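The values are calculated or read from the model by the stated rules, or taken from the named source; none is laboratory data. Everything numeric in this text was worked out from a predicted model, so none of it was measured. Glycine also receives a Cβ, built like all others from the backbone with ideal geometry; neighbour counts cover every protein chain displayed. Just so you know, the surface numbers come from the protein's heavy atoms only, side chains and all, with ligands and any DNA or RNA stripped out. Shrake-Rupley method; radii C 1.70, N 1.55, O 1.52, S 1.80 Å.
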Amino acid sequence: MASEAEKTFQRFAVFGESSSTGTEMNNKNFSKLCKDCGIMDGKMVTSTDVDIVFSKVKAKNARTITFQQFQEAVKELGQKRFKGKNPDEALADIYKLMEGKDPATTGVTVSDIFPLEPTSLNPCCSCLPSCPPMSLTLPALI
């Protein structure tokens, strides 16, 4: 059975990624997890710290990290976030912050959750409700 940390990892890994299986996470979703769970506080742990740690733990040419690499990353961030605590206590505190968290959707644009396909950007597409029917002329709309 997956640990609570692994379940949280999987929920954030698939967020906004329709093709994701939840086994790997990209930098955007890693940053989101750190922000939404309170790991990134803007003082002890900043977005730059999160990006640097992500780059450090991922494979050289990879764009994603596995759960094992994620554990290395949060262990390192835990030492920054909870200075003065031993590494195991800091990691336990990080996991407590993550417990039961889901990706927040407040303030998120629809395209973050449902990425647009290039074909959906056609302004004359009949499936867009904002487009007037082709049979109407501009004077008829005024």
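Quick notes on this one:
- Whichever residue in segment 59-79 is outside any helix (DSSP H, G or I) and touching a residue at least 24 places away in the same chain (Cβ under 8 Å) and, among such residues, is least open to solvent (accessible area, probe 1.4 Å): I65
- Within segment 14-37, tally of residues that are among the small types (G, A, S) and at pLDDT 95 or above: 1
- Number of positions in segment 42-57 that are open to solvent by less than 50 Å² (accessible area, probe 1.4 Å) and in a loop (DSSP other than H, G, I, E, B): 2
- Pairs meeting the criteria (first residue in segment 82-104 and in a helix (DSSP H, G or I), second residue aromatic (F, W, Y), beta carbons under 8 Å, at least 6 apart or on different chains) are E89/F82; A90/F82; D93/F82; I94/F82.
- Single match in F9, F82 (criterion: open to solvent by less than 60 Å² (accessible area, probe 1.4 Å) and either of a type in the set (D, E) or in contact with a strand residue (DSSP E or B) (Cβ under 9 Å, 6 or more places away or on another chain) (or both)): F9
- Annotation: G38 fulfils all but one of (1) open to solvent by less than 60 Å² (accessible area, probe 1.4 Å); (2) free of Cβ contacts under 8 Å to residues at least 40 places away in the same chain; (3) under 15 Å from L91 (Cα atoms); the unmet one is (2).
- The listed residue being open to solvent by 50 Å² or more (accessible area, probe 1.4 Å) and either within 14 Å of A73 (Cα to Cα) or part of a loop (DSSP other than H, G, I, E, B) (or both), out of S18, S31: S18
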